[in-house]
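Asker: First the structure, then my questions, so here it is.
The values are calculated or read from the model by the stated rules, or taken from the named source; none is laboratory data. As the structure is a prediction and not an experimental result, all values here were calculated from the model. Cβ placement follows ideal geometry from the backbone for every residue including glycine, while neighbour counts extend to all protein chains displayed. All accessible areas refer to the heavy atoms of the entire protein, side chains included, with ligands and DNA or RNA removed. Shrake-Rupley method; radii C 1.70, N 1.55, O 1.52, S 1.80 Å.
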Amino acid sequence: MSEPVQTPQTFPTRIFSGIQPSGGLTLGNYLGALKRFVQKQDEGIETIYCIVDMHAITVWQDPAKLRQQTRELAAGFIAAGIDPARSILFNQSQVSAHVELGWIFNTVARMGWMSRMTQFKDKAGKNSENVSLGLFAYPALMAADILAYKATHVPVGEDQKQHLELTRDIAAKFNNDYGVNFFPITEPVIEGAGTRVMSLRDGTKKMSKSDPSDQSRINLTDDTDTIAKKFRKAKTDAEPLPEDLEGLKDRPDARNLVNIYAALADITPEAVISQYAGAQFGTFKPALADLAVAKLSPITRKMSELMQDTTEIDRILGAGAARANAIARPIVDEVYDIIGMIRSRQI
Ligand code: AQP
């Protein structure tokens, strides 16, 4: 074990989170992540937001599409309210500290921990012999994304909770193995009614940008008619909305629509139920569609305006990457010192 290195005992509040450019943004990404990223920025906390392109390639990505999706995601961040002057916004592959620390964390994380990750099991399915090694190692790189900035808080959707627990285990094991208090034990921030937006075709399955069925999700690029149509066709049951939330217990599709309404309107699911108790879906679905259109269409419009100038988007990502690198580089250099790597190269 190496000589303990002097490190700070407390960690200033710093938010980090990321989204993969593995498809277009969905309502799930917006309510579970993006909307809350903006809130954190507007609370005046230091916020670092990353388009995690190195994660996206853990499943096959067409190069031209990946470029397009990365720019579109950047446009989505800005259109939703991320201000690149107040938050750091960049794409992961422009800051090499992520993959460097990711490799080190591959040596810290245990096979047993990684094997328990349910997202890998879900994504690999019956095909686990044939998926990439990167898909399996994904959560160690995610830990590196967060800890390269010593981020103390990570706003995410419910689906990322287990990966955040792994990040905490990796930080604790690193600190313990090397006798340091170098990495914070990061807190997940999972708040509000939009932390688990479900598929519109199956209320027990997460809404996902890579679901083969486009009807299962609302995309941030969907036009007004498409949004209305998707909500109209969303799977529900024949019962009206109940008098209280308890009445939604065994009705996942209905519960999902109520949660979406609550998250879009910034009210609680209880408040939605008290407003719509006894209403048929023939009444509730159009109201939900109207609300979604009112909230999403200004973002969609702004996204398409921003996409007119991709040079400017690339400039913003490059400038964000330089700021991100200025934070992460010294942290990862210190990690090399802690673990005993010789660092004598002059240039
Ligand atoms: N359905 C969801 N409800 C609430 N939050 C969600 N998030 C994703 N889906 C939902 C949150 O969005 C952030 C970015 O997720 P990601 O793109 O990095 O990966 P993911 O969680 O795997 O999202 P997708 O849409 O399902 O992507 P694919 O299909 O490529 O795997 C995270 O904070 C996530 O919690």
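Asker: When you go through Asp145, Asp169 one by one, which is the residue that is in contact with a helix residue (DSSP H, G or I) (Cβ under 9 Å, 6 or more places away or on another chain) and more than 23 Å from Asn325 (Cα to Cα)?
Answerer: Asp169
Asker: Do you know which residues across the stretch 54-65 are within 19 Å of the chain's Cα centre (by Cα) and either hydroxyl-bearing (Ser, Thr, Tyr) or more than 12 Å from the ligand (Cβ to nearest atom) (or both)?
Answerer: Of everything in the stretch 54-65, just one residue is within 19 Å of the chain's Cα centre (by Cα) and either hydroxyl-bearing (Ser, Thr, Tyr) or more than 12 Å from the ligand (Cβ to nearest atom) (or both), namely Thr58.
One line per residue, one yes/no per condition, for (1) outside the structural domain of Leu147 (by TED's automatic domain parsing); (2) among the β-branched types (Val, Ile, Thr); (3) in a loop (DSSP other than H, G, I, E, B):
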residue	(1), (2), (3)
Asp169	no, no, no
Phe183	no, no, yes
Asp202	yes, no, yes
Ala228	yes, no, no
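Asker: Out of the residues in the stretch 121-145 that are within 12 Å of the ligand (Cβ to nearest atom) and modelled with pLDDT of 95 or more, which is surrounded by the fewest Cβ atoms within 10 Å (Cβ to Cβ)?
Answerer: Among those that are within 12 Å of the ligand (Cβ to nearest atom) and modelled with pLDDT of 95 or more, it is Leu135.
Asker: Just to verify a result, which residue in the stretch 207-228, among those that are open to solvent by 70 Å² or more (accessible area, probe 1.4 Å) and over 20 Å from Met303 (Cβ atoms), is farthest from the ligand (Cβ to nearest atom)?
Answerer: For the stretch 207-228, the residue satisfying everything is Gln215.
Asker: Continuing with the same structure: Taking the condition in contact with a helix residue (DSSP H, G or I) (Cβ under 9 Å, 6 or more places away or on another chain), open to solvent by 30 Å² or more (accessible area, probe 1.4 Å) and over 20 Å from Lys35 (Cβ atoms), does Gln280 pass?
Answerer: No.
Asker: Another question about this same structure. Regarding Thr13, is this residue away from the ligand (no atom under 12 Å from the Cβ) and either at negative phi or open to solvent by 30 Å² or more (accessible area, probe 1.4 Å) (or both)?
Answerer: Yes; evaluated as a whole, the condition is true for this residue.
Asker: Looking at (1) of a type outside the set (Val, Ile, Thr); (2) under 30 Å from Ala292 (Cα atoms); (3) within 15 Å of the ligand (Cβ to nearest atom), which is the one condition that is false for His98?
Answerer: Condition (2) is where His98 drops out.
Asker: Go through (1) in contact with an Asp or Glu (Cβ under 9 Å, 6 or more places away or on another chain); (2) open to solvent by less than 50 Å² (accessible area, probe 1.4 Å) one by one and return the number of the condition Ser93 breaks.
Answerer: Condition not satisfied by Ser93: (2).
Asker: So, one more: So Arg196 ticks every box in (1) within 11 Å of the ligand (Cβ to nearest atom); (2) charged (D, E, K, R); (3) open to solvent by less than 10 Å² (accessible area, probe 1.4 Å) but one. Which box is left unticked?
Answerer: The one condition Arg196 does not meet is (3).
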